[in-house]
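Structure record follows, encoded as structure tokens.
The values are calculated or read from the model by the stated rules, or taken from the named source; none is laboratory data. Note that the structure is predicted; figures quoted are calculated from it, not measured. Using ideal geometry, Cβ is built from the backbone for each residue, glycine included, and neighbour counts are taken over all protein chains shown.
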Amino acid sequence: MASSTKNQSVSCPALFLAGPASGQGKTTVTAALARLLKNKGKIVRVFKTGPDYLDPQVLEQASGQPVEQLDIWMAGEAYCQQRLYQAAQIADFILVEGAMGLFDGDPSSADLAACFGIPVAVVMDVKGMAQTTAAIMNGLAGYRDDIIVSGLIANGCGTERHTELIRDALSENTPLLATLKRDPSIALPERHLGLVQASEARCLLEERFEAGALALSQGFQMQPEQAFPAVEFSSGLVVQAPAPKLLAGLKIAIAKDEAFSFIYQANLDLLTEMGASYHFFSPLHDLTMPEADGLWLPGGYPELHAEGLAKNASMLESIADFFASERPILAECGGFLYCLETLTDLDDKTHTMLGLLNGQGSMRGKRGCQGMQTAILPEGEVRGHAHHRSRSAGLQAPLSFSRRQRHTAPGEAIYRDRGLTASYLHLFFPSNPEAIGTLFSIDALHQLTPNQIVEPEHVA
């Protein structure tokens, strides 16, 4: 639901950091810039384009401020506009990190930058080229006329001469804003699904942030603050109405530890807005789950901690008892794997999991599934995404299949047994608060028989 309001605006310096492709060092540069400004005593609010979980964890530590995801398709334009407007009221600077290449995807980083009038600073790995950098910049700057490319942050510069060649080749309209030297001590640690979680490498990340901030400060061609144009952020004429209090008085237990951490802050905020309280617990370290009316098992890295999860027999029993009570459970991706009978890890070792659903999960190297999808549920459609490098087998007939954003093939299978709803999808709760409220409400949760399977409506 939405309601009309008086349009208001606030000005805040902002930059959209995007690249010509993935792997250019956008997160490294964004984190270094956020830390550089933070060290100057500035409040820096950082946003991440798309559904990414790992980059926001890192950027939150670098900036010392909450980091939220912005995605026009998943969250809606009004939601993104509201979040930017709220941030601009308290921030000295706003940074938005793009995803993939500047024009990749639908919606793309360029679409988001154009929608809210945020100038783009191109982050480019310039190793192995000099004047060609200018040709790429000219192409990016001239490809669309609804975005402003304000300049280049050259990542991986080797020498002062290398910097000079690039600076001299660039046009006046897209100048060299800054350089970041080629230095492995600045790079952020990675693993098979992306960056290492911030909670696992805080001390190492602090060293990288400080080294990156120092190197970036030395590479700026001007005072860092001068690279930020002022941007007017509007509240918009239409805002989302308050979420219905469908979960008033209910307690939601949420798994959160080294194995489970893929949690949107927006999802937590919505649970609170709908009247619920939430309580974190660790399937790895706690003996039992807390008393609760509902359970959320989010995504994460259970494959890296499968042995520890399997050995925590009291926790397995506690969650199994909760399942037997037919209270609501939402299991997403890693949480879904945890609900299966077994999980085979990256070392090809098989471990016993919860066994709430018949089936086996296993890792499958570098190839995986990803993409934006809509969960087709009896409670309503909820938008989200999939990103995994595992497979499941031996499961029951699904409740439904999700609908891919722009592909006719069926999306991820969604399973339901008693109060459990499980799939590979990571759901963005604010895309349909009523559906999420019903899903976590034991009195309202739908129970479907096998002949009531929901089929998705496919789109081209």
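Check whether at least one residue in the range 429-436 is assigned to a loop (DSSP other than H, G, I, E, B) and either modelled with pLDDT under 95 or over 16 Å from residue 268 (Cα atoms) (or both), and report yes or no. For the range 429-436, residues assigned to a loop (DSSP other than H, G, I, E, B) and either modelled with pLDDT under 95 or over 16 Å from residue 268 (Cα atoms) (or both): absent. Listed by first and then second residue, the pairs with beta-carbon distance under 8 Å, at least 6 apart or on different chains, first residue in the range 251-271 and outside the structural domain of residue 287 (by TED's automatic domain parsing), second at pLDDT 95 or above and of a type in the set (A, V, I, L, M), form an empty list. Is it the case that residue 282 is closer than 30 Å to residue 173 by Cβ and under 27 Å from the mean Cα position of the chain (by Cα)? Criteria not met by residue 282.
Answer yes or no: is there a residue in the range 288-310 that is small (Gly, Ala, Ser), over 27 Å from the mean Cα position of the chain (by Cα) and over 28 Å from residue 370 (Cα atoms). Checked against the condition, which is being small (Gly, Ala, Ser), over 27 Å from the mean Cα position of the chain (by Cα) and over 28 Å from residue 370 (Cα atoms), the range 288-310 yields no hits at all. So in the range 121-147, with the set limited to residues that are of a type in the set (S, T, N, Q) and assigned to a helix (DSSP H, G or I), which one is nearest to residue 26 (Cα to Cα)? Ranking the candidates gives 133 first.
Yes/no matrix, rows are residues, columns are (1) surrounded by 21 or more Cβ atoms within 10 Å (Cβ to Cβ); (2) of a type in the set (A, V, I, L, M); (3) within 15 Å of the chain's Cα centre (by Cα); (4) not assigned by TED's automatic domain parsing to the domain that holds residue 184:
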position	(1), (2), (3), (4)
34	yes, yes, no, no
38	no, no, no, no
48	yes, no, yes, no
65	no, no, no, no
80	yes, no, yes, no
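Filtered by the rule that a residue be outside any loop (DSSP other than H, G, I, E, B), closer than 18 Å to residue 439 by Cβ and out of contact with any His (no Cβ under 8 Å at 6 or more places or on another chain), the range 231-273 gives 255, 266, 267, 268, 269, 270, 271, 272, 273. A single entry from 356, 330 fulfils the requirement of being part of a strand (DSSP E or B), modelled with pLDDT of 95 or more and closer than 20 Å to residue 426 by Cα: 330.
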